[in-house]
1. First obtain the Kirkwood hydrodynamic radius of region 1-46 from its Cα pairs, then insert it into the Stokes-Einstein equation at 25 °C and 0.890 mPa s, and state the resulting D in µm² per second as a whole number.
2. If the viscosity is 1.002 mPa s and the temperature 20 °C, what translational diffusion coefficient in µm²/s does Stokes-Einstein give for the chain when Rh comes from Kirkwood over Cα pairs?
3. What part of the accessible area of the chain, given as a whole %, is carbon or sulfur when the probe is 1.4 angstrom?
4. Once you charge only the Cβ atoms, +1 for Lys and Arg and -1 for Asp and Glu, what is the size of the charge dipole of the chain about its Cα centre, to the nearest 20 debye?
5. Roughly speaking, what is the stretch gain from GLN57 to GLN78, that is 0.36 nm per residue apart minus the C-alpha to C-alpha distance, in nm to one decimal?
6. Taking only protein heavy atoms into account and a 1.4 Å probe, give the accessible area per residue of the chain in Å².
Amino acid sequence: MCNSVSGVAPYGSDRVVLTDTGCKRITVFSLVSGEVEEIAGTGREGNTDGTCAAFSQQMGICVEHEKMFLLQTPKLVQLSL
């Protein structure tokens, strides 16, 4: 579960997406069921993309028209949904 949330954004009508700097992961939380799903991040610190994405300092997140953007020091990363 999240231990250091650094960004929150609405994701659809009944979910929010969270960036967790402490766990180095991106998580989706359902407001209806309470279900939590980790969608990105290995839990290790780094700056790698792809299926084994590793994050360093997530500063915020935004979801726009089926695209998710993560602001991470030192760059902006587009995540596939």
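1. 231 µm²/s
2. Result for D is 173 µm²/s.
3. Summing carbon and sulfur atoms, their accessible area is 52 percent of the total for the chain.
4. About 240 debye.
5. Gain on extension, GLN57 to GLN78, equals 6.0 nm.
6. Result: 60 Å² of accessible area for each residue.
The values are calculated or read from the model by the stated rules, or taken from the named source; none is laboratory data. Note that the coordinates shown come from a computational prediction; the quantities given were computed from them, not determined experimentally. Note that each Cβ is placed from the backbone with ideal geometry, even for glycine, and that neighbours are counted across all protein chains shown. These area figures cover heavy atoms from the full protein model, side chains too; ligands, DNA and RNA do not enter into them. Shrake-Rupley method; radii C 1.70, N 1.55, O 1.52, S 1.80 Å.
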